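Structure first, then comments.
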Amino acid sequence: MNTSWRRWAASRPTAAEAVTLVLLFAITTASVLVTWAVLSDAALWPGVALTVVGCAALRWRRTRTVPVMAVTLLCVLAEGAFGYLLTPGVMAPLLVAQYHLSVQSRRRTTWNSACVAVAGIVATGFFVAPFHDSPVLVVVNPTAWVLLSAALGSYVRVRREYGAARAEHAVREREAEAHRRVIQERMRIARELHDVVAHHLTLADAQAGTAAHLARTHPDQALDMIARLPQTTSAALRELKATVGLLRQESDPEDGLAPAPGLRDLSELVDTCAAAGLAVTVTVDGDARRLPPVLDLTAYRIIQEALTNVSKHAATRSAAVRLAYTPHYVTLTVTNDASPAASSDSTGGFGLLTMRERATAVGGTFHAGHRPQGGFEVACTLPLESPDEGSAP
């Protein structure tokens, strides 16, 4: 019933306001009549007239709270002066005005108005009303109802302010979450572009440099490297086109990682490195298995970046890749015999940082550093049962 009344009141505000005022006037008039019937000394028509004025003033209770509060208070005090007992029914216009003032005004205004009303009721009860021998009925009871109305209005105001604050906080949280997702997406795009551009351009640069070095002494080998150079650049363009193509889509595809490479493309990566003069050996320990898309992409990118660093920084022309499968983990190890001339961390690059971010994003561990026996090693352990399985790193 309460829901139906709210719907009806929301659809017909003018009619709802009229019904509310009529019901309030009926309750107040009935209370005045009961008081007049019990107390024959009280005059009837002044009480009815004051009730009409007080209820009519409530028409503006939402827009002019303080003047309406003043008018209803004067009407109630006048009724007390005419000899009416200030019951909750007789005081109904004042209580309604006090409630709306408490809901819409500040706390200081609320309690200042309540104190003024209490002071007026006390003065009327002790000095004007004929019920001096009943202070509980004349003073305590009316003041308690006024204070209760003020407290109820203050409580409703606080609840509304709290609800508004929670809604504002939720909006800020959503904005912060959206900003965080944008930053994460930018980092993911940066990692993808870095892996594609850095790897293929490094290999292309190595092929071109080697071909220039062998152009005079071994022209056949130089021509062979130059002939294979378009394959490297074409692979770079294909991966770059696939990455940019994902960014151009208005909505995410069902499989956002479908264009991304994986360990199934490791042989092509080895051949590309060989074309640039880097001999790569691959060793697999344990039972190889098909990895989830996110782990497959992560493993491939880490191996790709590690081999790119070997091509750029190491003085050797060989590297070893080891894949170790266990029931719960897969371990990737990329080693070379000669120490790098410089690392990505020391030159301000992002190679090691990108590999570490990819590993930690899927719950794995990452380590890179010089080996005691010489050379450089990149080791990464990825969990096969990642809690974020199926989401992009």
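The values are calculated or read from the model by the stated rules, or taken from the named source; none is laboratory data. From a predicted model like this one, the values you see are computed outputs, not experimental measurements. All Cβ positions, glycine included, derive from the backbone under ideal geometry; neighbour counts span all protein chains shown.
Could you count how many residues in the range 88-127 are of a type in the set (D, E, K, R) and not in a helix (DSSP H, G or I)? Total meeting the criteria: 1. Among the residues of the range 57-87, those identified as in a helix (DSSP H, G or I) and either free of Cβ contacts under 8 Å to residues at least 40 places away in the same chain or among the hydroxyl-bearing types (S, T, Y) (or both) are L58, W60, T65, P67, V68, A70, V71, T72, L74, C75, A78.
Just so you know, in the range 251-279 the residues that are hydroxyl-bearing (S, T, Y) and assigned by TED's automatic domain parsing to the domain that holds R317 include one that is modelled with the lowest pLDDT, and it is T272. Yes or no: T210 modelled with pLDDT of 65 or more and touching a Leu at 6+ places or on another chain (Cβ under 6 Å)? No. From the list S4, S31, the one residue that fits, being among the small types (G, A, S), at pLDDT below 85 and either loosely packed, with under 15 Cβ neighbours inside 10 Å or not assigned by TED's automatic domain parsing to the domain that holds A150 (or both), is S4.
Yes/no per residue for (1) within 29 Å of the chain's Cα centre (by Cα); (2) part of a loop (DSSP other than H, G, I, E, B); (3) on the phi < 0 side of the Ramachandran plot; (4) modelled with pLDDT of 80 or more:
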| residue | (1), (2), (3), (4) |
| --- | --- |
| V321 | no, no, yes, yes |
| L332 | no, no, yes, yes |
| M355 | yes, no, yes, yes |
| T381 | no, no, yes, yes |
| E389 | yes, yes, yes, no |
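Restricted to the range 121-140, and to residues that are of a type outside the set (V, I, T) and buried (at least 19 other Cβ atoms within 10 Å of the Cβ), which residue is modelled with the lowest pLDDT? In this case the residue turns out to be A129. Taking the conditions exactly as written (modelled with pLDDT under 85 and of a type in the set (S, T, N, Q)), does T63 satisfy them or not? It is true that T63 is modelled with pLDDT under 85 and of a type in the set (S, T, N, Q). Scanning the range 363-377 for residues that are at pLDDT below 85 and touching a Ser or Thr at 6+ places or on another chain (Cβ under 8 Å) yields R371, G374, G375. Within the option set R289, R228, being charged (D, E, K, R), within 26 Å of D337 (Cβ to Cβ) and modelled with pLDDT under 85 holds for one residue only, R228.
If the condition is being within 18 Å of H313 (Cβ to Cβ) and part of a loop (DSSP other than H, G, I, E, B), then the range 357-379 contributes R371, G374, G375. Selection within the range 56-93: residues that are farther than 20 Å from L148 by Cα and touching a Ser or Thr at 6+ places or on another chain (Cβ under 7 Å). The member of this set that is surrounded by the most Cβ atoms within 10 Å (Cβ to Cβ) is Y84.
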